[in-house]
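Data first, discussion second: the structure below is written as structure tokens.
The values are calculated or read from the model by the stated rules, or taken from the named source; none is laboratory data. Treat the numbers as computed from the prediction; the structure is a model and nothing was measured. As a convention, Cβ positions derive from the backbone with ideal geometry for all residues, glycine included, and neighbour counts pool all protein chains shown.
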Amino acid sequence: MDTQDFKYINNGERDMVRARVLYNEGRERWQRGDRAGAIAAYEESASLDPSGPGAVALDMTRDIMDFYDKNQFNP
């Protein structure tokens, strides 16, 4: 989408585009190992589009970060 096209879309559509850009940024950061940066991008994406891919990625990321294997803590 060309930057000139932005002036022809409304704020809701602009938020959806921004949410998708942030989601993609979060994926790139996650793949580079920047977990905190990815989570921040997903959070901002989810705030713009609560039912979008950024919100789903945020939930999945939180599940991954919260996961631990109890057997690793038993000697």
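For the range 1-44, enumerate the residues that are surrounded by 11 or more Cβ atoms within 10 Å (Cβ to Cβ), modelled with pLDDT under 75 and not in a helix (DSSP H, G or I).
ILE9
Report, ordered by the first and then the second residue, all pairs with beta carbons closer than 7 Å, sequence separation of six or more or different chains, a first member in the range 60-75 that is within 20 Å of ALA40 (Cβ to Cβ), and a second member that is modelled with pLDDT of 80 or more and of a type in the set (A, V, I, L, M, F, W, C).
If the second residue must be modelled with pLDDT of 80 or more and of a type in the set (A, V, I, L, M, F, W, C), the pairs left are THR61/ALA38; THR61/ILE39.
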